1. Please find, within the stretch 24-38, the residue that is nearest to the chain's Cα centre (by Cα) out of those that are farther than 19 Å from G67 by Cα and at pLDDT 95 or above.
2. Just to be sure I understand the filter: pairs with C-beta atoms under 6 Å, separated by 6 or more residues or on different chains, first member in the stretch 65-78 and without any contact (Cβ under 8 Å) to a residue 40 or more places away in the chain, second member not polar (S, T, N, Q). Which pairs pass?
3. Determine whether D12 is modelled with pLDDT under 95 and either in contact with a helix residue (DSSP H, G or I) (Cβ under 8 Å, 6 or more places away or on another chain) or open to solvent by 60 Å² or more (accessible area, probe 1.4 Å) (or both).
4. Go through the stretch 51-77 and give me each residue that's among the hydroxyl-bearing types (S, T, Y) and touching a Gly at 6+ places or on another chain (Cβ under 7 Å).
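The values are calculated or read from the model by the stated rules, or taken from the named source; none is laboratory data. All values derive from a computational prediction rather than experimental measurement. Cβ placement follows ideal geometry from the backbone for every residue including glycine, while neighbour counts extend to all protein chains displayed. Accessible surface areas use protein heavy atoms only, side chains included; no ligands, DNA or RNA. Shrake-Rupley method; radii C 1.70, N 1.55, O 1.52, S 1.80 Å.
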Amino acid sequence: MRSLRIGGKRVDAYVYRTDRTLSGDQSGREHDLMWFSVDTGLLLRYHRDSKVTSPSVVGTVGYREIGTMTATELTPRR
């Protein structure tokens, strides 16, 4: 369990990690981290790091994605 600061409040969170290896026509790896509120199950933060290569008629092509999204509030706005 970890603690995050969201909207000025400290929130206890469970961290869920996934790792995946790709093989075949596409090869590479994907790594995801997700932080969920212990009290509500709300997704508080999501981080993704993915690197994939594929063969093509012009040679090997690659794709890289790195990103993080973090909630700024614990209550929804209308």
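1. Per the stated criteria, the residue is S37.
2. I66/D49; G67/R48; T68/H47; M69/Y46
3. no
4. Selection gives T53, T72.
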